[in-house]
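Undergrad: Before we start, here is the structure in question, set down as structure tokens.
The values are calculated or read from the model by the stated rules, or taken from the named source; none is laboratory data. This structure is a prediction, so every number in the text was calculated from the model and none was measured. Methodologically, a virtual Cβ is constructed for each residue, glycine included, from the backbone with ideal geometry; neighbour enumeration extends over all protein chains shown.
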Amino acid sequence: MDKGGRLIRAIAGLEAILAPPEESFTDPKTPAAYSVNPNQQAVSTPPLDAIGNSHCQGEDTTEFESPPTDRTTLLHCVEMLRSGIKQGVDAIKGILKRWVEDLRWDTVLELEAIAANELRLVESQVPEFYTLLSEEVLPMSGG
């Protein structure tokens, strides 16, 4: 004995799910009717972007090109490096470890423009200085 018609409602619900698509069907739990459009595609191809390349092709995200450093940030980095130069090689390494390779190079080039004599001093005291600018030689650290 089926009290409250639960079994009948469950069967009707399964029939609605399993039934072949028609123009419309009615939800057995509510009086709402839903239309079915058999011509509508379930999946579509993404549109082409503005230059005619499909988004399906993907993009190489393994190489990240950092945006250019603004002048204020660059000058701040130069001052940090100048301070590190006064404290020695370990301080220089500690500063460089916080920066990506592009920022390291940009800072050194700006230091050369501002205080070439200080850069020459570093070159004489730390012969491997330019190799430290490479993240392969001196990887970035989190702190």
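Undergrad: Looking only at residues in the range 79-98 that are of a type in the set (D, E, K, R) and assigned to a helix (DSSP H, G or I), which one is farthest from Phe129 (Cα to Cα)?
TA: To start, the set of residues in the range 79-98 that are of a type in the set (D, E, K, R) comprises 79, 82, 86, 90, 93, 97-98.
Those still in the list that are assigned to a helix (DSSP H, G or I) too: 79, 82, 86, 90, 93.
Numbers: Glu79: 17, Arg82: 14, Lys86: 14, Asp90: 11, Lys93: 9 Å.
For the range 79-98, the residue satisfying everything is Glu79.
Undergrad: Name the residue that is nearest to Thr73 (Cα to Cα), counting only residues in the range 113-130 that are free of Cβ contacts under 8 Å to residues at least 12 places away in the same chain and exposed (fewer than 14 other Cβ atoms within 10 Å of the Cβ).
TA: Within the range 113-130, the match that is nearest to Thr73 (Cα to Cα) is Ala113.
Undergrad: Follow-up. Could you list, in sequence order, all residues of the range 100-133 that are farther than 18 Å from Asp90 by Cβ and small (Gly, Ala, Ser)?
TA: Ala113, Ala115, Ala116
Undergrad: Can you find a residue that is in a loop (DSSP other than H, G, I, E, B) and more than 15 Å from Ile85 (Cβ to Cβ) anywhere in the range 124-134?
TA: So in the range 124-134, the residues in a loop (DSSP other than H, G, I, E, B) come out as 126-128, 134.
Pick out the ones that are also more than 15 Å from Ile85 (Cβ to Cβ) and you get 134.
Yes, that holds for at least one residue.
Matching residues to (1) at pLDDT below 95; (2) in contact with a Leu (Cβ under 6 Å, 6 or more places away or on another chain); (3) not aliphatic (A, V, I, L, M):
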site	(1), (2), (3)
Pro67	yes, no, yes
Asp70	yes, no, yes
Lys86	yes, no, yes
Val122	yes, no, no
Tyr130	no, no, yes
Ser134	no, no, yes
Gly142	yes, no, yes
